[in-house]
């Protein structure tokens, strides 16, 4: 008679050792049912992580002018990956304080009417959010005067107004604007 721990599911004996390890990890975490592709996805993630760690360790080893990768290089690569790839959530107290602060602001009042109630326009993403700078067309006479001034600078001490400076017009467009038919 075969015990339950020695008994393998059908087709499981053909799995590679790493796939068996992933399956046992899933079982130890309480996952009884899963798609077969989950194991392959975990294996791919696992292999990518190991390759990234080994490549980083190789870079650290080369930087230290070593001929081989040692455990210090591996530890440094893992620590670097942990520090820059994974982030811990803020403490519960910080999250609760942020929630209290945010919840002090009352929700917008409901506006009666048919359809879906929407918040005020200033609280939506359909209000104008960008500007276009459209150059105004200049009079040819003004252009000639401007060219003459740049060619022969005047010696007088009077400040001159720059005619090109006031030649732009700003126009805002809301994203949700309807086009005329």
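Residue-wise test of (1) in contact (Cβ under 8 Å) with a residue 40 or more places away in the chain; (2) exposed (fewer than 10 other Cβ atoms within 10 Å of the Cβ); (3) outside any loop (DSSP other than H, G, I, E, B); (4) over 26 Å from the mean Cα position of the chain (by Cα).
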position: 52; (1), (2), (3), (4): no, no, yes, no
position: 82; (1), (2), (3), (4): no, no, yes, no
position: 88; (1), (2), (3), (4): no, yes, no, no
position: 105; (1), (2), (3), (4): no, yes, no, yes
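The one condition from (1) more than 30 Å from residue 54 (Cα to Cα); (2) in a loop (DSSP other than H, G, I, E, B); (3) modelled with pLDDT of 60 or more that residue 165 does not meet is (3).
The values are calculated or read from the model by the stated rules, or taken from the named source; none is laboratory data. From a predicted model like this one, the values you see are computed outputs, not experimental measurements. Neighbour counts run over all protein chains shown; Cβ positions are idealised from the backbone, glycine included.
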